[in-house]
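Working notes, beginning with the structure itself.
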Amino acid sequence: MKLTFRWFGKKDSIPLQYIREIPNMSGVVSAVYDVPVGEVWPIESLKELKELANNSGLEFEVVESIPVSEDIKLGKPNRDHLIDVYCENIRRVASIGVKCICYNFMPVFDWLRTNMKHVNEDGSNSLSYSYEEFLQVDPNNLHLPGWDESYSKDELQNLLKEYKKISHDKLFQNLVYFLNKVIPVCEECNVNMAIHPDDPPWDVFNLPRIISNQKDLDKLFKAVPSTRNGLTLCTGSFGAGRENDLIKFARKYTKQGRVHFVHLRNVKWVGENNSFYESGHYSNCGSLDMARIVEELVKNGFNGYVRPDHGRNIFGEDGKPGYGLYDRALGATYINGLFEAYEKIYKK
Ligand code: DNO
């Protein structure tokens with residue numbers, strides 16, 4: 001495996017040198033953040049990111065994310081133009097050495113939590129989602145942490161209205177339409193597409209979500225068989241869905257050659273209503289068996305990129321939600337431990 005660390009470019013408060021000092025760190029996961037969705041990324045910006053990483057002894061082989069325009073997800077008439085732009089961005093990132101692109105197909109919102117500073121028993125704090133808190137949210141006045149705040153209230157309302165016409169099936173067809181155009185370019189450029197699962201893995205506010213469970217993944221891989229069409233196995237996102245068996249996912253999709261990128265983090269389920277908080281990475285801190293997940297990855301020949309995902313705020317840090325330094329660094333060393341042990345056992 002190649003251990004990586006998400007870095008939000010020059011604006012990230014965490015210096016690359018600190019990332020470099022984490023044992024076994026191979027590179028950063030980053031993106032161009034100052035170009036609106038649906039436009040081409042300047043090659044100079046990409047070269048600069050790569051240079052900054054390389055000058056600190058780090059690679060830049062994974063992009064997270066090249067965001068997908070809402071009009072592509074909605075299947076609007078201008079989608080062909082937007083997909084062309086997307087393909088051009090694939091060519092550009094490939095030209096500077098990127099091998100893997102993480103993206104998602106969630107309508108309107110990326111990940112969702114109801115509390116950014118849930119206080120844990122050990123005194124640390126982390127992101128959490130509570131069913132009861134979620135019920136208090138007025139969908140007409142959406143101000144939730146972690147959501148894209150770049151829309152005005154009106155734009156958001158319009159967008160939500162447009163999605164009323166989009167069923168799960170329609171959204172899925174639009175994803176397949178997108179991939180049928182994008183995957184040939186990936187084949188040409190030797191890049192893997194790694195879809196990020198819905199987080200959390202269920203519909204929110206009646207917006208359809210289509211990458212939430214095993215059935216969804218099987219349907220996707222059947223519709224677009226090239227293994228360039230693969231997965232970001234985000235244990236925390238899938239793992240918030242209690243019916244998702246992550247050990248099985250790791251085994252099954254690694255065997256299929258679909259797992260290009262792994263986000264490793266743990267979640268602790270709370271109560272009966274799908275509430276959870278983000279715990280420390282170690283298995284006993286949460287509800288997922290991290291060791292068995294890693295064992296299945298290694299046993300089945302996983303050789304892709306891994307990064308520690310969301311950490312808690314610890315040691316007095318007040319980091320970007322989920323993306324402070326300390327707990328992700330602890331997560332990284334834990335991940336190293338698991339991989340070292342299983343690779344010694346299974347890797348020929
Ligand atoms: C949250 C991340 C997501 C992820 C996107 C990928 O911390 O896991 O924002 O980057 O869903 O497109």
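Assuming charge only on the beta carbon of Lys and Arg (+1) and of Asp and Glu (-1), the dipole of the stretch 2-346 about its Cα centre is about 940 debye to the nearest 20. A simple spin-label model places the labels of Gln173 and Asn273 3.6 nm from each other, with each point 7 Å out along Cα-to-Cβ. Can you give the % of DSSP beta bridges in the chain that are antiparallel, to the nearest 5? About 30 percent, rounded to the nearest 5.
On full extension of the chain, what length is gained from Asp203 through Glu188, given 0.36 nm per residue of separation minus the C-alpha to C-alpha distance? Could you put the intermediate results ahead of the total?
Details: separation 15, 0.36 × 15 = 5.40 nm, distance 3.46 nm.
Between Asp203 and Glu188, full extension yields 1.9 nm more.
As an exercise, take the mean of 1/r over every pair of distinct alpha carbons in the chain, invert it, and state the Kirkwood radius in angstroms. Let's see the in-between values first.
Numbers: mean 1/r = 0.0488 Å⁻¹.
Result for the chain, one decimal place: 20.5 Å.
Stretched out straight at 0.36 nm per residue, the stretch from Asn303 to Glu39 would grow longer than its current Cα-Cα span by 91.8 nm. Looking at the stretch 174-267, the GluC sites (Glu not before Pro) that sit in a DSSP loop and have at most 10 other Cβ atoms within 10 Å of their own Cβ are Glu243. Between the stretch 70-135 and the stretch 273-348, the C-alpha centres lie 20 angstrom from each other. Counted residue by residue at 0.36 nm each, then reduced by the alpha carbon distance between them, the extension gain from Leu135 to Lys164 reaches 8.4 nm. For Lys164, the lysines whose Cα falls under 19 Å of its own Cα, not counting residues fewer than eight places away in the same chain, are Lys73, Lys76, Lys153. Short-range pairs are left out: with C-alpha atoms under 8 Å and at least six residues apart, the relative contact order of the chain is 16 percent.
Sorted largest first, the principal axis extents computed over the alpha-carbon atoms of the stretch 150-204 equal 40, 26, 22 Å.
By the scheme Lys and Arg +1, Asp and Glu -1, what is the net charge of all other residues having a beta-carbon under 12 Å from that of Asp71? Each step should come with its number before you reach the end.
Details: positive: Lys73, Lys76, Arg79; negative: Glu70, Asp80, Glu162.
Taking every other residue near Asp71 into account, the sum is 0.
Quick note: the coordinates plus some simple rules give every number you see, no bench work behind them. Just so we're clear, the structure is a prediction, and the values are computed from it rather than from any experiment. Ideal geometry is used to build each Cβ from the backbone, glycine not excepted, and the neighbour counts take in all protein chains shown.
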